[in-house]
Amino acid sequence: METKVISVLNDLNTAKAEGASIIRTGGLVAFPTETVYGLGANGLDGAAVDRIFEAKGRPNDNPLILHVAEKEDAFRLWAAEPPHARVLMDTFWPGPLTLIYYRSAIVPNEVTAGLDTVAVRMPDSEAARALIAAAGVPIAAPSANLSGKPSPTTAEHVLQDMDGRIPLILDGGPCRYGVESTVLSLVGVPTILRPGAVTKEMLAAVLGEVALAPSILAPLSAGEKAASPGMKYKHYAPNAQVLVVVGEAEAAARRISALYDECAAAGKRVCIAATAEAMPFYGDRRRALLGERRDPATLCSRLFALLRELDREADVILAEGVDVRGAGLAFMNRLLRSAGFRVEYL
Ligand code: TXA
Ligand code: MG
């Protein structure tokens, strides 16, 4: 199958019309959102949704998010109005927050992987909402990467993974946030299953109490059940081995420099994923800039793109870890998974 790429920046009308016609006939379209690129299908058509799992090589017990163009469209996907939903939607939608609650009868099993709940979000990306509105159905979409690879934050990343597997990629340029949406369950105490750009602090300001699923910063222990099925899989992993060192900038840089020299002496191709604050402490060792510790959103927006770039030129990636305040939590959640939880705390 030939994979066509159309820019939404040049011609949104053509892009959304071609995309919507593929979605309506049961096909797959990759599209930009403000978080990462999604791989979309008609979310009310189980057979279409099955094609997503096939194209990604995704285990089919991992449920998908339904994307809507209007707030009101969310309510027919849930069995009842979720507690706190109105205030959360008014504060954070459109935007990078996914809400989980009991599903309604129109949601196919293929979307929820058999769970009795469904995840819904209204993206802030204009192109995404235009596509959903033109298709006239909610669009089921996971990130548009091959299962296990870093999520795509440019159309070029999508093409690397999906060339020949899907008919159309809509190119909207680089994604603003670069990590996937915050996933919040509204069943029982509001619980963050996956952290994102809508932070725990931002949610707590609206809700008061917010819990964090235990698997956010640690691997699941044997026999433990994942609150979010996606958390149990190897994730965001490049082929290169990633090792994380968490500590204050200068101390982390000293430890990483020592590890770098060991790897280099062993003949490995090694590269450092560094923060701006630690840059001056690496001498002339090979390194790439992740972003700034003082603004962890910058770390999020570069992480996946950097992992893909470094993967081509390094066997080992040594990365700095940071505090888990604000967007730092989303960054550390993704970084630790890409490292298979190989981490040193100083
Ligand atoms: O930003 C995003 O959320 C992107 C863009 C495309 O919207 N999408 C995305 O989808 O990241 P995906 O499939 O890669 O991640 C969805 C996450 C998975 O961890 C999945 O297990 C969880 O949400 N999830 C979906 N439905 C769920 C449910 N009913 N209960 C618990 N977890 C659920
Ligand atoms: Mg994903």
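The values are calculated or read from the model by the stated rules, or taken from the named source; none is laboratory data. Note that the coordinates shown come from a computational prediction; the quantities given were computed from them, not determined experimentally. Every residue, glycine among them, receives a Cβ derived from its backbone with ideal geometry; neighbour counts consider all protein chains shown. Ligands, DNA and RNA are stripped out before the accessible areas are found, and what is left, the full protein with its side chains, is counted by its heavy atoms. Shrake-Rupley method; radii C 1.70, N 1.55, O 1.52, S 1.80 Å.
Could you give the length gained on full extension between residue 218 and residue 239, defined as 0.36 nm per residue of separation minus the Cα-Cα distance, in nm?
5.5 nm
List the GluC sites (Glu not before Pro) within segment 229-309 that DSSP assigns to loop and that have no more than 16 neighbouring Cβ atoms inside 10 Å.
Those satisfying the criteria are 248.
Specify the angular offset, from 0 to 90 degrees and rounded to the nearest 10, of the alpha carbon long axis of helix 12-24 from the longest principal axis of the alpha carbons in the chain.
Orientation of helix 12-24: about 70 degrees from the principal axis.
Using a 1.4 Å probe over the heavy atoms of the protein chains, calculate the carbon and sulfur portion of the accessible area of the chain as a whole percent.
About 51 percent, which is the carbon plus sulfur part of the accessible surface.
Set the Förster radius R0 to 30 Å, insert the Cβ-Cβ distance between residue 1 and residue 72 as r into 1/(1 + (r/R0)^6), and round the FRET efficiency to 0.05.
The value I calculate is 0.25.
Which entries in 56/200; 16/71; 4/56; 71/149; 16/56 show an alpha-carbon gap greater than 25 Å?
Pairs exceeding 25 Å: 56/200; 71/149.
Ranking request for peptides 194-201, 326-333, 59-66: highest mean number of other beta-carbon atoms within 10 Å first, then the rest in descending order.
Descending mean neighbour count gives 326-333, 194-201, 59-66.
Please identify the GluC sites (Glu not before Pro) of segment 69-122 that satisfy two criteria: DSSP loop assignment and at most 14 other Cβ atoms within 10 Å. Which are they?
Hits after loop and neighbour filter: 70.
Go through segment 235-244 residue by residue and turn each phi into a ³J(HN,Hα) via Karplus (6.51, -1.76, 1.60, θ = phi - 60°); whole Hz please, and just put x for glycine and proline.
Karplus-based 3J(HN,Hα) across segment 235-244 equals 9, 6, 9, x, 6, 4, 7, 9, 10, 10 Hz.
May I have the pair-distance distribution P(r) for the chain, computed from all Cα-Cα distances with 20 Å bins from 0 and rounded to whole percent?
32, 57, 11, 0
Compare the Cα positions of 143, 186, 172 along the charge dipole of segment 54-201 (+1 at Cβ of Lys, Arg; -1 at Cβ of Asp, Glu; about the Cα centre) and return the one farthest towards the positive end.
It is 186.
Quick check on the chain: helices-only [θ] at 222 nm, where DSSP H runs of length 4 and up contribute -39,500 (n - 2.57) each and the sum goes over total residues. Nearest 500, please.
So the helix-based figure for the chain works out to -9500 deg cm²/dmol.
Residue by residue through segment 100-113, what is 3J(HN,Hα) from phi via Karplus (6.51 cos²θ - 1.76 cosθ + 1.60, θ = phi - 60°)? Round to whole Hz and write x for glycine and proline.
10, 7, 3, 7, 8, 5, 7, 7, x, 4, 4, 6, 8, 6
Pick out, from 259, 77, 131, the residue whose Cα sits farthest towards the positive end of the charge dipole of the chain, with +1 on the Cβ of Lys and Arg and -1 on the Cβ of Asp and Glu.
259
How would 100, 169 line up by accessible area, probe 1.4 Å, largest first?
Final ranking, largest accessible area leading: 100, 169.
What number comes out for accessible area per residue over the chain if the probe is 1.4 Å? Units Å², please.
For the chain, the per-residue accessible area is 40 Å².
So for 121, 293, 325, what's the accessible-area order with a 1.4 Å probe, most first?
Ranked from most to least accessible, the order is 325, 293, 121.
Got a sec to turn the phi values of segment 137-153 into Karplus ³J(HN,Hα) couplings, 6.51 cos²θ - 1.76 cosθ + 1.60 with θ = phi - 60°, whole Hz, x for Gly and Pro?
Taking θ as phi minus 60°, the curve returns 9, x, 9, 7, 8, x, 4, 8, 9, 5, 3, x, 8, x, 5, x, 10 Hz for segment 137-153.
Give the angle, between 0 and 90 degrees and rounded to the nearest 10, that separates the Cα long axis of helix 328-338 from the longest principal axis of the Cα atoms of the chain.
80
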